[in-house]
Every structure is written in structure tokens, then in C-alpha cells.
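In what follows, a single structure is set out as C-alpha cells and then discussed.
The values are calculated or read from the model by the stated rules, or taken from the named source; none is laboratory data. Bear in mind the structure is a predicted one, so any value in this text is a computation, not a measurement. Here the Cβ positions follow ideal geometry from the backbone for every residue, glycine too, while neighbour counts run over all protein chains shown.
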Amino acid sequence: MQIRVYYEDTDTGGVVYHSNYLNFCERARSESFFRLGLTPVLQNGHFVAKRVEADYISSAKLGDELHVDTKLTEMRAASFKLMQSIYREDKKIFELHITLAYINFKGKPQRITKDVEELISSLFVN
């Protein structure tokens, strides 16, 4: 997914504020669903971040065009792991490892059904 860095994404020096890299990754994950006419909120539940590990390699700046690449790295019974990389041109500037848990609408973890597993696997090809 392509992202342009806007003024609202930066600090007073025109450098992307650290938490906005997480927002960029969230937008890319959501956009994967939107492209199929879906949302990340499914009939039986939705996903929440359980664990996040971020590596800030280089700074993005106002006006930069960025690309977010998302890959599935592990599928488990009630969660899955993704690696998301943000690039400026061909240079990786950020890497995120995130575990997303599948929960029902009462906030309880639930098993990922076969159809949801197939959807996730198709959205985030490793």
C-alpha cells in the first residue's frame, strides 16, 4: 500500500512521529480487507493487537512516498503473526512484527475458523 507523509504525520521538524508508523501499518492491514469489499470486523469477531515489536531503521519526512509491505509469518489457533515493512523508494526504513488475536464481540479469544484462516492467508501472502 502506498502512503504519502502529510504535515499531520510529522513533528515540528518535519520528521514522521514514531507512533505514526504503527498507524501506517494499521492502514495497510485494513486496506487489504477494504479492497475485497470487507472490513477487519468479521461476522464472528475481529482482531486486536496482542504483541508489537518495532524497529525504527531510518526516518521518513514530510512529503515522502512510502510503501507498506505485509507478510503472514505464522498462523496459530486463535492468533496470527505478521511482518510489516515500510519502504521509502527501495530502502527499508521501518519493520514491525505484530501478533493479532482473534476475539469475539464480548472480548474473549476465539479459535480462527477455517474460512477466516483462508482469508488471512490470501490477504497476507508470505
Original post:
From the set of residues in region 49-69 that are assigned to a strand (DSSP E or B) and touching a residue at least 60 places away in the same chain (Cβ under 8 Å), which is nearest to the chain's Cα centre (by Cα)?
Top reply: Val68
Original post:
Here are some residues: Arg51, Arg88. Which one is over 17 Å from Val125 (Cα atoms) and in contact with a Ser or Thr (Cβ under 6 Å, 6 or more places away or on another chain)?
Top reply: Arg51
Original post:
Before we move on, is Ile103 among the β-branched types (Val, Ile, Thr) and in contact with a Pro (Cβ under 6 Å, 6 or more places away or on another chain)?
Top reply: yes
Original post:
Quick one: Phe33 ticks every box in (1) aromatic (Phe, Trp, Tyr); (2) within 17 Å of the chain's Cα centre (by Cα); (3) loosely packed, with under 13 Cβ neighbours inside 10 Å bar one, so which box is it?
Top reply: (3)
Original post:
Can you name the residue in region 105-121 that is in contact (Cβ under 8 Å) with a residue 24 or more places away in the chain and assigned to a loop (DSSP other than H, G, I, E, B) and, of all such residues, is surrounded by the most Cβ atoms within 10 Å (Cβ to Cβ)?
Top reply: Ile112
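Within region 78-104, take every residue that is hydrophobic (A, V, I, L, M, F, W, C) and farther than 15 Å from Ala49 by Cα and give me the one that is surrounded by the most Cβ atoms within 10 Å (Cβ to Cβ).
Ile86
Could you please let me know if Thr73 is at pLDDT 95 or above, farther than 23 Å from His18 by Cα, of a type in the set (Ser, Thr, Tyr) and within 13 Å of the chain's Cα centre (by Cα)? If you could, list the steps in order and put the result at the bottom.
Details: at pLDDT 95 or above: yes; farther than 23 Å from His18 by Cα: yes; of a type in the set (Ser, Thr, Tyr): yes; within 13 Å of the chain's Cα centre (by Cα): yes.
So Thr73 passes the test.
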Original post:
Could you count how many residues in region 1-36 are over 15 Å from Val116 (Cα atoms) and either of a type in the set (Lys, Arg) or assigned to a loop (DSSP other than H, G, I, E, B) (or both)?
Top reply: 13
Subject >> Unmet requirement for Phe124, which otherwise passes all of (1) without any contact (Cβ under 8 Å) to a residue 12 or more places away in the chain; (2) closer than 20 Å to Leu22 by Cβ >> reply: (1)
Original post:
Just checking, which of Val5, Val48, Val15 is surrounded by 18 or more Cβ atoms within 10 Å (Cβ to Cβ) and at pLDDT 95 or above?
Top reply: Val5
Original post:
Residue check, Lys92 against (1) more than 12 Å from the chain's Cα centre (by Cα); (2) of a type outside the set (S, T, N, Q); (3) not in a strand (DSSP E or B), all met but one. Which one?
Top reply: (3)
